[in-house]
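Q: There's a structure below that I have some questions on.
The numbers here are math on the coordinates, done by the rules we state, and not lab data. Note that this is a predicted model, so its numbers are computed, not measured. Using ideal geometry, Cβ is built from the backbone for each residue, glycine included, and neighbour counts are taken over all protein chains shown.
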Amino acid sequence: MRTFIGVILAWPLTAWAAEPAAPAAPSLAESGMAGQLLQLLLGLLLVIGLIFLLAWVMRRVQQVGPRGGQVIRILATQALGPRDRLVLVQVGQEQVLLGLTPGRITPLHVLAEPVALPDGQPASTEFAQRLMELLGKDQKDRT
């Protein structure tokens, strides 16, 4: 017990005997405005890099699903107005005619006999036709 008390009493004396520590060199953050700007820039680059990394990971995760074996296909579309249209959709071996409006998708008819589309016809040529009309080219000139 006496040795313990002796160590406690002698401890302040050892602290006085030690040489004072040299002042630490200022770090980048303590060196003023330039250090703060550098720290801000590095933090910003880290956050932007993290955003791009997460976007890349999300894109890779979403592409994991089956590519060629899609079960649902859009066979044809027909515009009825500026925001309303009919869509012929094939799900497996069944074809369904859907009515699309801005707030609703309504199944209109399930076809008992599937509609056969000519081979090589794209699912929807409406956009291509309108684009050609706007450019002033006739469909016959496309050959």
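Q: Provide Arg59, Arg85 in ascending order of the number of other Cβ atoms located within 10 Å of each residue's Cβ, fewest first.
A: Arg59, Arg85
Q: Describe numerically, in nm with one decimal, the distance between label points set 7 Å from Cα along Cα→Cβ at Arg130 and at Leu44.
A: Between Arg130 and Leu44, the simple spin-label model gives 4.1 nm.
Q: Output the peptides 95-105, 44-54 sorted from most to least packed, where packing is the average of other Cβ atoms within 10 Å over each peptide's residues.
A: Details: 95-105: 12.9, 44-54: 9.8.
The densest-packed peptide leads the list: 95-105, 44-54.
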